[in-house]
Structures are given as C-alpha cells and as structure tokens.
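The block underneath contains the structure these notes are about, expressed in structure tokens.
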Amino acid sequence: MKRNHNILLLEKLETLLQGHDWNYMMSDDNRWYESGKAESQRIRECMEECNNSDLGVMAKMLYDKYDPSAKTHV
C-alpha cells in the first residue's frame with residue numbers, strides 16, 4: 001500500500017509541476033501572481049510530503065526536470 005501511495009504522490013507532484021506557471025512572479029496581473037503563488041505553495045507542500053516519504057531524491061529530480069532555471073545551470 002505504501003508503494004501505491006508513493007507512486008500517487010510522485011504523480012501528483014509531476015502534475016503540479018507540469019501545470020505550474022514558472023514566470024508568475026513577473027506578472028503585472030495580481031490574479032495571475034496570486035494563482036502562481038498558490039501553485040508554488042502546493043508544490044512546496046507536495047515536495048515536503050515526498051521528503052517525509054523518503055522520496056526526496058526522486059522529487060528533486062522531477063522538480064529539476066520542469067524548473068526552467070535548473071536547465072540554465074546544466
């Protein structure tokens with residue numbers, strides 16, 4: 001059962017990362033900014049849950065896969 005939970009948790013994280021507006025901080029529209037900020041908070045919470053489930057390394061790999069700023073450091 002824990003394995004299924006871990007898979008679902010990583011799938012949830014990937015879905016959040018795929019749909020995230022990575023440039024929300026640059027928006028002139030406060031609604032877009034607030035929406036992006038809330039998404040970012042959900043991602044942080046999911047990352048924390050992954051860390052608590054011993055999935056930190058896999059979660060970080062997923063995060064780096066979608067984070068545009070991570071690609072500039074490669």
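The values are calculated or read from the model by the stated rules, or taken from the named source; none is laboratory data. A quick note: this is a predicted structure, and the numbers were derived from the prediction, not measured. Positions of Cβ are generated from backbone atoms using ideal geometry, with glycine treated the same way; all protein chains shown enter the neighbour counts. Calculation scope for accessible area: heavy atoms of the full protein, side chains included, ligands and nucleic acids excluded. Shrake-Rupley method; radii C 1.70, N 1.55, O 1.52, S 1.80 Å.
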Item to check | Where the stretch 34-74 is the region considered: accessible area per residue in Å², 1.4 Å probe | outcome: 68 Å²
Checklist entry - What is the sum of charges around Tyr66, taking Lys and Arg as +1, Asp and Glu as -1, for the other residues whose C-beta is under 13 Å from the C-beta of Tyr66? => result -2
Next on the checklist: Quick check: at a probe of 1.4 Å, how many percent of the accessible area of the chain sits on carbon and sulfur atoms?
Outcome noted: 55 percent
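What number do you get for the chain when its Cα radius of gyration is normalised by 2.2 N^0.38 Å, N = residues? If you can, show how the numbers build up before the last one.
Numbers: Rg = 13.3 Å, N = 74, 2.2 N^0.38 = 11.3 Å.
Dividing the Cα Rg of the chain by 2.2 N^0.38 Å gives 1.18.
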Item to check | Relative contact order for the chain, counting Cα pairs under 8 Å that sit 6 or more residues apart, in percent | outcome: 35 percent
Checklist outcome for this item: With label points set 7 Å from each Cα along the Cα-to-Cβ direction at Ile7 and Glu49, the distance between them in nm comes to 1.7 nm
Checklist outcome for this item: To the nearest 10 degrees, the tilt of helix 56-66 (Cα long axis) against the first principal axis of the alpha carbons of the chain is 30 degrees
